[in-house]
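*Asks:* Starting off with a structure, shown below.
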Amino acid sequence: MALLSKKDANLILDPLADNNPITIQVLGICSALAITAELKASVVMALSVLFVLGAGNVVISLLRNVIPSKIRIIVQLVVVATLVIIVDQVLKAFAYELSKTLSVFVGLIITNCIIMGRFEAFALGNGPWKSFLDGIGNALGYGIILVIIGFFRELLGSGTLFGFPVLGDPVTKTGLYALGYENNGFMIIPPAALIVVGIVIWVQRSRNRTLIEEA
Amino acid sequence: MLEHLELFFKSIFIDNMVFAVFLGMCSYLAVSKKVSTAVGLGAAVIFVLGVTVPLNWLLDQYLLKDGALVWLGPEYADYDLGFLSFILFIATIATMVQLVEIVVEKFSPSLYNSLGIFLPLIAVNCAILGGSLFMQTREIPNLGLALNYGVSSGIGWFLAILAIAAIREKIRYSNVPAPLRGLGITFIITGLMGIGFQSFGGMLTGDNEPPEPTETTTAKTEEIKENKEIKKEIDDEERTISYNEVINK
């Protein structure tokens with residue numbers, strides 16, 4: 001790593017696993033669950049958060065010496081809201097169908113706790129480059145979980161990935177369906193997302209037992 | 001009257017903030033370790049939703065919607081400021097939360113002591129902004145229904161956090177597998193509760209349509225104790241008529 005020092009690299013790598021925003025810090029759950037029935041929506045959501053968090057962290061970090069601490073929440077909200085409006089308008093212009101699927105959840109990136117959490121915990125106390133790396137790292141950690149959930153929910157629920165049938169055709173009974181396999185409609189309904197996250201947490205904590213909570 | 005009832009039940013049970021659309025999950029998971037704090041936060045959410053949803057409805061109706069500015073004069077009829085809704089809604093919410101905090105602190109210190117610490121948390125609770133955004137996408141037709149929607153979604157959220165807090169207090173005595181303890185099991189329980197709440201889907205006939213009074217409403221009127229209903233027959237018709245006249249001119 002010539003480009004990044006070891007410390008900087010840790011800023012990106014840490015949130016991917018051992019300090020993951022969703023499974024460890026429990027931030028930003030709201031949007032993570034609602035839009036993961038399809039892999040495509042999950043990927044777009046992850047990219048939107050990547051943009052908002054990366055850019056927002058840099059802006060806040062540049063402004064950190066100017067913002068009076070009393071009104072910092074509202075300043076942060078305005079910065080996020082502006083970035084989210086950009087994302088929303090771009091999605092509406094170039095991916096209208098997808099923006100219908102995501103509906104209000106693009107707007108809810110504003111109140112995504114990951115973003116406010118990183119602003120408060122990191123960008124207000126660190127320089128722009130570090131904040132940028134931190135933002136990218138946390139957004140990637142968030143994105144990874146989203147993609148994992150979206151992958152399993154779409155594969156098991158509809159037998160497709162990104163809308164392409166990968167397990168054969170359920171109507172004409174080809175591929176796996178010829179052997180009597182059925183789609184699990186349960187994975188499509190909203191509560192299944194919660195159970196999948198629960199299982200992801202279970203697997204992660206079994207592999208790394210230091211993360212287990214007391215009580 | 002019937003549409004009020006229908007919206008009320010729909011927002012509490014069928015479109016429950018937590019179980020159907022996952023709003024406010026962060027605070028739902030973080031503040032549900034004890035019933036008493038859960039009740040405090042739940043009450044604050046009902047209150048703030050009840051205030052901000054009608055306010056944002058007014059904003060949406062008279063400022064943001066396509067053609068909403070027509071009251072300024074006919075030449076403003078083509079303006080659509082919809083893209084500003086995120087920033088205006090969140091500003092309204094942040095300001096209202098701050099204002100409510102100041103007012104409550106001044107006039108009711110006891111209420112402030114029980115609610116106060118939760119109020120700043122609420123400004124960034126997705127349930128609040130989500131309430132306003134869903135109000136906008138579902139095109140709630142009048143102010144009374146907007147108030148109803150805010151309060152009843154709040155009650156739905158309150159019920160959810162109360163239930164999970166009670167379960168978490170009890171589950172401390174159970175032998176949960178170590179890696180699942182705490183967060184993991186809470187997710188799975190919430191998922192199971194969500195499946196339970198799905199069964200309410202059969203309660204009303206319309207699935208995702210905006211509520212409209214149908215003859216097959218199954219809600220039993222005797223069971224309703226609480227029905228926040230404000231009769232405000234907003235002069236919608238009159239307004240659309242004058243709007244049409246303006247356009248014809």
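The values are calculated or read from the model by the stated rules, or taken from the named source; none is laboratory data. Bear in mind the structure is a predicted one, so any value in this text is a computation, not a measurement. Because the Cβ atoms are built from the backbone with ideal geometry, glycine has one as well, and the counts that use them run over all protein chains shown. When the accessible area is computed, the model is the full protein with side chains, heavy atoms only, and any ligands, DNA or RNA have been set aside. Shrake-Rupley method; radii C 1.70, N 1.55, O 1.52, S 1.80 Å.
*Asks:* Mind listing, in residue-number order, the residues in region A:177-194 that have at least 40 Å² less accessible area with every protein chain present than in their own chain alone (1.4 Å probe)?
*Replies:* The answer is A:Pro190, A:Pro191, A:Leu194 - residues whose exposure falls by at least 40 Å² when every protein chain is included.
*Asks:* Leaving ligands, DNA and RNA out of it, rank A:Lys70, A:Lys92, A:Lys130 by accessible area with a 1.4 Å probe, largest first. Could you put the intermediate results ahead of the total?
*Replies:* Numbers: A:Lys70 190, A:Lys92 100, A:Lys130 75 Å².
Reading off the accessible areas and sorting them downward yields A:Lys70, A:Lys92, A:Lys130.
*Asks:* Turning to a different aspect of this structure: Take the cross-link list A:Lys6/A:Lys40; A:Lys70/B:Lys106; A:Lys130/B:Lys65; A:Lys70/A:Lys130; B:Lys10/B:Lys65; A:Lys100/B:Lys10 and give me the ones stretching past 30 Å between alpha-carbons. Display every interim value, and only then the final one.
*Replies:* On the way: A:Lys6/A:Lys40 33 Å; A:Lys70/B:Lys106 19 Å; A:Lys130/B:Lys65 41 Å; A:Lys70/A:Lys130 24 Å; B:Lys10/B:Lys65 25 Å; A:Lys100/B:Lys10 22 Å.
Correct reply: A:Lys6/A:Lys40; A:Lys130/B:Lys65.
*Asks:* Mean residue ellipticity at 222 nm from the helices of chain A, using -39,500 (n - 2.57) per DSSP H segment of n ≥ 4 over the full residue count, to the nearest 500 deg cm²/dmol?
*Replies:* -19500 deg cm²/dmol
*Asks:* Continuing with this model, one more query. With every protein chain present, what accessible area does A:Trp129 have (1.4 Å probe, heavy atoms only), rounded to the nearest 10 Å²?
*Replies:* 130
*Asks:* While we're on this one: Treating the beta-carbon of each Lys and Arg as +1 and of each Asp and Glu as -1, no other charges, what is the dipole magnitude of chain A about its Cα centre, to the nearest 20 debye? Working shown, then result.
*Replies:* Details: 15 positive and 13 negative charges, 88 e Å.
With only Lys, Arg, Asp and Glu charged at Cβ, the dipole is about 420 debye.
*Asks:* Calculate the length of the line joining the C-alpha centroid of region A:117-194 to that of region A:44-60, in whole Å.
*Replies:* 18
*Asks:* Rank A:Val26, A:Val49 by accessible area, highest first, at a 1.4 Å probe radius?
*Replies:* Numbers: A:Val26 35, A:Val49 0 Å².
Putting A:Val26, A:Val49 in descending order of accessible area: A:Val26, A:Val49.
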